[in-house]
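A.B. asks: Got a structure for you, questions after.
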Ligand SMILES: [Zn+2]
């Protein structure tokens, strides 16, 4: 996700924070420090409230990730937004019951946190107006009692925020958890693709209504969330469409076999010459009949900069790269390109290089397959 920063990693999952989190951190510090007149202590208190929200969102997202990992999924990164997070899953369980569990466990974690906070609401010294008083005022949109710095205020906020996170994420709109829950319920009755399309339409209709409400009430947060949901639903739908369409073919059924290769000792200058004459940007690097690496266009350009045209391919090539086998579904190529943000994937058969699939080729195959409902190529066995 754009505008996000890596802050660490847990369970092999990269944790990234979206810039909006820093913005609301500054806003909360300003709110308590200046607007509510609490000075430095208020600014610190405001920041602590947002950091605690951050921890709750991390717990929410990690619950999803751990559950997905339990089902054999792979999660490469989590980007944290104030309203929840976006997990980049390499392999997401598509089996409806599993998806249901993975989706539900996030909001459930917030409900559990909220329940655990209830005893604390009773234990705080001098509650302002009863244990649940502050909370019910917050829920009624009247948070005056919480403006100052107080233990009850803090716990009431956390209680409220966790219930809000759970409720918001359970809305039946893609790409929120509720949208996935909705899809997995639909997928019990219809095909996964049709369930996805229905969930996308419902998600976008919801975003539209939310956006209209936001415009009429001049609520900027509503408008931002509406845009986020609308685009998320769009992306989710397009991705699912792409995967299910491409899955009709095996990689070997639509593969350019005349891929030009280079050797590790080739000079970069020689590769430049090949690029000029061939319609190819990324090259498999083959050494003694074995695939040793991939030289991408970016590698070539950076290499020309750093080691010049006389430098060898081996010094700048990609050594850690994904491959697919010829009998894998074509959709695997799409998933690998997506998860690694690459434009070419070498195809192997019995360990030997058979060719390479590029992003342009993949888009072309998709357009052809999507142009008709009739099978263009005999179905893959
Ligand atoms: Zn979630």
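A.B. asks: Can residue 166 be described as more than 18 Å from residue 98 (Cβ to Cβ) and in the same structural domain as residue 106 (by TED's automatic domain parsing)? Before the answer, list the steps.
C.D. replies: Working: more than 18 Å from residue 98 (Cβ to Cβ): yes; in the same structural domain as residue 106 (by TED's automatic domain parsing): yes.
Spelling it out, residue 166 is indeed more than 18 Å from residue 98 (Cβ to Cβ) and in the same structural domain as residue 106 (by TED's automatic domain parsing).
A.B. asks: Which residue is farthest from the chain's Cα centre (by Cα), if the candidates are limited to segment 194-218 and must be over 28 Å from residue 362 (Cβ atoms) and surrounded by 15 or more Cβ atoms within 10 Å (Cβ to Cβ)?
C.D. replies: Pass one, segment 194-218, residues over 28 Å from residue 362 (Cβ atoms): 202, 205-218.
Next, from what is left, pick out any that are surrounded by 15 or more Cβ atoms within 10 Å (Cβ to Cβ): 202, 206-207, 210-211, 214.
Working: 202: 20, 206: 21, 207: 19, 210: 23, 211: 23, 214: 25 Å.
By that ranking, first place goes to 214.
A.B. asks: Could you figure out which of (1) over 18 Å from residue 243 (Cα atoms); (2) crowded, with 17+ Cβ neighbours inside 10 Å isn't true of residue 309?
C.D. replies: With respect to (1) over 18 Å from residue 243 (Cα atoms); (2) crowded, with 17+ Cβ neighbours inside 10 Å, residue 309 is out only on (2).
A.B. asks: Here is a further query. Let me spell it out: the conditions are (1) outside any helix (DSSP H, G or I); (2) more than 13 Å from the ligand (Cβ to nearest atom); (3) in contact with a helix residue (DSSP H, G or I) (Cβ under 8 Å, 6 or more places away or on another chain), and residue 163 meets all of them except one. Which number is the exception?
C.D. replies: Residue 163 satisfies all of (1) outside any helix (DSSP H, G or I); (2) more than 13 Å from the ligand (Cβ to nearest atom); (3) in contact with a helix residue (DSSP H, G or I) (Cβ under 8 Å, 6 or more places away or on another chain) except (1).
A.B. asks: Follow-up. Can you go through 294, 313 and tell me which one is touching a strand residue (DSSP E or B) at 6+ places or on another chain (Cβ under 6 Å), in the same structural domain as residue 256 (by TED's automatic domain parsing) and over 29 Å from residue 239 (Cβ atoms)? Step through it out loud before you land on a result.
C.D. replies: Details: 294 fails: over 29 Å from residue 239 (Cβ atoms).
Result: 313 is the single residue among 294, 313 that is touching a strand residue (DSSP E or B) at 6+ places or on another chain (Cβ under 6 Å), in the same structural domain as residue 256 (by TED's automatic domain parsing) and over 29 Å from residue 239 (Cβ atoms).
A.B. asks: Can I ask one more? Tell me yes or no: at least one residue of segment 81-95 is in the same structural domain as residue 23 (by TED's automatic domain parsing), part of a helix (DSSP H, G or I) and either modelled with pLDDT of 80 or more or out of contact with any strand residue (DSSP E or B) (no Cβ under 9 Å at 6 or more places or on another chain) (or both). Spell out how you get there, then give the answer.
C.D. replies: Of segment 81-95, the ones in the same structural domain as residue 23 (by TED's automatic domain parsing) are 81-95.
Okay, now just the ones that are also part of a helix (DSSP H, G or I), so none.
Checking segment 81-95: not a single residue is in the same structural domain as residue 23 (by TED's automatic domain parsing), part of a helix (DSSP H, G or I) and either modelled with pLDDT of 80 or more or out of contact with any strand residue (DSSP E or B) (no Cβ under 9 Å at 6 or more places or on another chain) (or both).
A.B. asks: I've got another one for you. Residue pairs, Cβ under 6 Å, 6 or more apart or interchain, first in segment 361-380 and surrounded by fewer than 12 Cβ atoms within 10 Å (Cβ to Cβ), second part of a loop (DSSP other than H, G, I, E, B) and at pLDDT 80 or above. List them.
C.D. replies: none
A.B. asks: Right, next: Would it be correct to say that residue 75 is surrounded by 20 or more Cβ atoms within 10 Å (Cβ to Cβ), within 13 Å of the ligand (Cβ to nearest atom) and either assigned by TED's automatic domain parsing to the domain that holds residue 9 or modelled with pLDDT of 80 or more (or both)? Break it down into steps so the answer makes sense when it comes.
C.D. replies: Working: surrounded by 20 or more Cβ atoms within 10 Å (Cβ to Cβ): yes; within 13 Å of the ligand (Cβ to nearest atom): yes; either assigned by TED's automatic domain parsing to the domain that holds residue 9 or modelled with pLDDT of 80 or more (or both): yes.
Here the answer is yes, as residue 75 does meet what is asked.
A.B. asks: Counting only residues that are free of Cβ contacts under 8 Å to residues at least 24 places away in the same chain and surrounded by fewer than 18 Cβ atoms within 10 Å (Cβ to Cβ), which one in segment 44-64 is nearest to the ligand (Cβ to nearest atom)? Outline the logic, then answer.
C.D. replies: Step one: filter segment 44-64 for residues free of Cβ contacts under 8 Å to residues at least 24 places away in the same chain, giving 44, 46-47, 55.
Checking which are surrounded by fewer than 18 Cβ atoms within 10 Å (Cβ to Cβ) leaves us with 44, 47, 55.
Details: 44: 29, 47: 24, 55: 15 Å.
Residue satisfying both the conditions and the ranking: 55.
A.B. asks: Then there is this: Evaluate the following for residue 222: is it in contact with a helix residue (DSSP H, G or I) (Cβ under 9 Å, 6 or more places away or on another chain) and part of a helix (DSSP H, G or I)? Break it down into steps so the answer makes sense when it comes.
C.D. replies: Working: in contact with a helix residue (DSSP H, G or I) (Cβ under 9 Å, 6 or more places away or on another chain): yes; part of a helix (DSSP H, G or I): yes.
For residue 222, the condition - in contact with a helix residue (DSSP H, G or I) (Cβ under 9 Å, 6 or more places away or on another chain) and part of a helix (DSSP H, G or I) - is met.
A.B. asks: Okay, next question. Is there a residue in segment 181-191 that is within 14 Å of the ligand (Cβ to nearest atom) and under 24 Å from residue 56 (Cβ atoms)?
C.D. replies: Within segment 181-191, one or more residues are within 14 Å of the ligand (Cβ to nearest atom) and under 24 Å from residue 56 (Cβ atoms).
A.B. asks: Within segment 166-175, is even one residue in contact (Cβ under 8 Å) with a residue 24 or more places away in the chain and more than 21 Å from residue 227 (Cβ to Cβ)?
C.D. replies: yes
The values are calculated or read from the model by the stated rules, or taken from the named source; none is laboratory data. On a predicted model such as this, the values are computed, not experimentally measured, just so you know. All Cβ positions, glycine included, derive from the backbone under ideal geometry; neighbour counts span all protein chains shown.
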